[in-house]
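Have a look at the structure below, then the notes.
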Amino acid sequence: MIMTMKSHILAALREQAMRWEELLLNLSDAQITAPLFDLNWSIQDVVAHLWGWQQISIARLQAAARDCPPEPPAWLMALPGDWEEDVDRTNAWIYENNHTRPWPEVHQIWRDGYLQLLASAELITEKDLLDQGRYTWLNGYSLADVLIASYDHHQEHFEKVTDALRK
């Protein structure tokens, strides 16, 4: 069986989700909520951060499936200025609005979002997924780029989390 680019990307995303789940299931609540990173972020805060950015990717994939421009998540529209240009402010907002959520809730919304990301990607044809000019609102990027960026974002934070846990 020949693996298409779409199936390759989705397989990598599924593998990434399994790595995260395995890591998270092997940690205590104390390990998950302890400050480990800059700005006193915990693993829980990192997972909430991933969820926040995941919502933007989901909005883009769902818009593509409906063949219309994306409607960003409501929380994103509440931010003043350009959220893409000022990622520090966006990250701070995600932290401030999710830091006190209970871990089981944060874990569940991230997991549900990840499954939604995968399901939304499944609805897009490979041709539309790879076409950099298909969706003008992506400014020359393809939906495959959106999925790969999600993978890379999760990988970047996975490495940071596993490095911090080794110390």
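Rule-based calculations on the coordinates, nothing more; no lab input. Every value quoted in this text rests on a predicted model; they were computed, and no experiment measured them. We place every Cβ from the backbone using ideal geometry, glycine too, and count neighbours over all the protein chains shown.
Give me the aspartates and glutamates in straight-line cross-link reach of Lys160: C-alpha distance below 16 Å, same-chain residues under 8 apart excluded. List returned: Glu21, Glu22, Asp38, Asp45, Asp152. Once backbone amide H atoms are built at 1.01 Å from N, Trp41 has Leu36 as its partners under 5 Å, excluding neighbours fewer than 5 places away on the same chain.
For the chain, the longest principal axis of the C-alpha atoms and the axis of helix 87-98 are separated by about 60°. Within a straight-line Cα-Cα reach of under 20 Å, Lys127 can be paired with the following lysines, leaving aside sequence neighbours fewer than 8 residues apart in one chain: Lys6.
So, with +1 on the Cβ of K and R and -1 on the Cβ of D and E, and no other charges, what is the size of the charge dipole of the stretch 1-103 about its Cα centre, to the nearest 20 debye? Before the final figure, lay out the partial values.
Details: 7 positive and 14 negative charges, 89 e Å.
It comes to approximately 420 debye.
Taking the Kirkwood radius as the inverse of the mean 1/r across Cα pairs, report the Rg/Rh of the stretch 5-138. Write out the running numbers ahead of the final one.
Working: Rg = 16.1 Å, Rh = 16.2 Å.
Ratio of gyration radius to Kirkwood radius: 0.99.
Full extension from Tyr141 to Met3: what is 0.36 nm times the residue separation minus their Cα-Cα distance, to one decimal in nm?
Separation in residues times 0.36 nm, less the Cα-Cα distance, equals 47.4 nm.
Rounded to the nearest Hz, the phi-derived 3J(HN,Hα) couplings of the stretch 122-139 under the Karplus curve 6.51 cos²θ - 1.76 cosθ + 1.60 (θ = phi - 60°) are 4, 6, 9, 5, 4, 4, 5, 5, 8, 6, 6, x, 5, 10, 4, 6, 9, 6, where x marks glycine and proline. Here the 3J(HN,Hα) profile of the stretch 77-85, calculated from phi with Karplus coefficients 6.51, -1.76 and 1.60 at θ = phi - 60°, is 6, 6, 7, x, x, 9, 5, 6, 7 Hz, Gly and Pro shown as x. Please sort by residue number the chymotrypsin sites (Phe, Trp or Tyr not before Pro) in the stretch 10-50 whose DSSP state is loop and whose Cβ has at most 16 other Cβ atoms within 10 Å. Those satisfying the criteria are Phe37. Label positions at Ala74 and Ser28, each projected 7 Å from the Cα along the C-beta direction, are separated by 3.8 nm. Which FRET efficiency, nearest 0.05, do Arg134 and Glu156 yield, Cβ-Cβ r, R0 30 Å? Efficiency at R0 = 30 Å is approximately 0.65.
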